[in-house]
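To start, the structure under review is shown below, and the notes come after it.
Values quoted throughout were computed directly from the atomic coordinates according to the rules given, and no laboratory measurement underlies them. As the structure is a prediction and not an experimental result, all values here were calculated from the model. Because the Cβ atoms are built from the backbone with ideal geometry, glycine has one as well, and the counts that use them run over all protein chains shown.
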Amino acid sequence: VFVEPGKTLFHIIDAQYGDVFMGTSGQINRELKFLSAIKFPGYEELTRKIGSVSSTQYKDFLLSNKNKLLDSLNTINKEFTISERAVQLKTVAIENNCTQTLLSYNMDFENHVRDKYNLMSYKDSLPEKAEKPEDYYDFLSNNIIGNPVYLMSASSYFLFNRLFFLNEARGANLSYGLC
């Protein structure tokens with residue numbers, strides 16, 4: 001549900017009719033609900049296979065899916081009347097989701113290793129480490145991170161959480177091994 005300061009929104013959840021949105025923010029919520037069918041495919045499968053794919057393959061898969069989702073959004077935008085704002089918000093959600101998932105590589109790989117070796121404590125040292133090429137983070141840019149529009153997405157919390165815990169952004173002495 002998307003809410004805006006100074007605008008009204010009534011959200012009725014009905015078992016028979018589903019979500020009903022009314023008020024000044026009703027239309028954008030109806031549009032965002034319509035666009036919710038555009039979802040990031042294959043992430044669960046990719047995390048299950050993370051031990052058998054390289055970080056480059058992981059990245060390529062996610063960026064390729066992001067581009068497919070943006071193409072789907074553009075196609076829907078041409079076929080249906082959807083506000084610029086709804087398209088902007090869905091674009092931001094797609095970008096944020098992809099970026100935060102790419103930033104989750106270390107965490108996903110470490111979780112895979114912990115499961116593989118049945119390591120219960122985070123104090124246990126890992127027998128395998130995530131390896132990434134130097135250009136792995138080239139998808140990060142000020143267009144995303146420095147753009148306040150990206151804060152409007154529900155997934156912005158996860159994006160900034162992943163950035164906060166990113167070892168490569170912390171420096172060698174502050175590594176907590178959480179991501």
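Charges on Cβ only, +1 for Lys and Arg, -1 for Asp and Glu, centred on the Cα centroid of the stretch 3-88; of PHE61, VAL87, SER36, which one is farthest towards the dipole's positive end?
Most positive-ward Cα: PHE61.
If you average the sequence gap of Cα pairs under 8 Å that are 6 or more apart and divide by the length of the stretch 4-90, what percent do you get for the contact order?
Values: 54 pairs, mean separation 22.1, N = 87.
With pairs under 8 Å counted, the relative contact order is 25 percent.
Under 8 Å for C-alpha pairs, at least 6 residues apart: give me the relative contact order for the stretch 80-170, rounded to a whole percent. Present the calculation step by step, with values, prior to reporting the outcome.
Details: 47 pairs, mean separation 43.7, N = 91.
Contact order relative to length: 48 percent.
Out of TYR150, TYR117, TYR43, any idea which swings most in a Gaussian network model of the chain, alpha carbons joined below 10 Å?
TYR117
Dipole of the chain (Lys/Arg Cβ +1, Asp/Glu Cβ -1, origin at the Cα centre): which of ASN74, SER104, VAL20 lies farthest to the positive side?
After comparing all options, I get VAL20.
Of LYS49/LYS116; LYS39/LYS78; LYS7/LYS66; LYS33/LYS68; LYS7/LYS90; LYS39/LYS59, which sit over 23 Å apart, Cα to Cα?
On the way: LYS49/LYS116 12 Å; LYS39/LYS78 18 Å; LYS7/LYS66 31 Å; LYS33/LYS68 19 Å; LYS7/LYS90 20 Å; LYS39/LYS59 17 Å.
Among LYS49/LYS116; LYS39/LYS78; LYS7/LYS66; LYS33/LYS68; LYS7/LYS90; LYS39/LYS59, the Cα-Cα distance tops 23 Å for LYS7/LYS66.
Determine the dipole magnitude for the chain: charges of +1 sit on the beta-carbon of Lys and Arg, -1 on that of Asp and Glu, nothing else is charged, the reference point is the Cα centre, and the result goes in debye to the nearest 20. Please list the in-between numbers first.
Working: 19 positive and 21 negative charges, 41 e Å.
Magnitude of the dipole: close to 200 debye.
Just to check I understand the Karplus step: with θ = phi - 60° and J = 6.51 cos²θ - 1.76 cosθ + 1.60, what whole-Hz values come out for the stretch 9-14, glycine and proline as x?
Running phi through 6.51 cos²θ - 1.76 cosθ + 1.60 with θ = phi - 60° gives 8, 10, 10, 10, 9, 10 Hz.
Distance between Cα centroids, the stretch 1-76 to the stretch 95-171: provide it in whole Å.
The stretch 1-76 and the stretch 95-171 have Cα centres spaced 20 Å from each other.
Once you treat every alpha carbon in the chain as an equal point and sum by Debye, what is log10 I(q)/I(0) at q = 0.18 Å⁻¹?
-1.19
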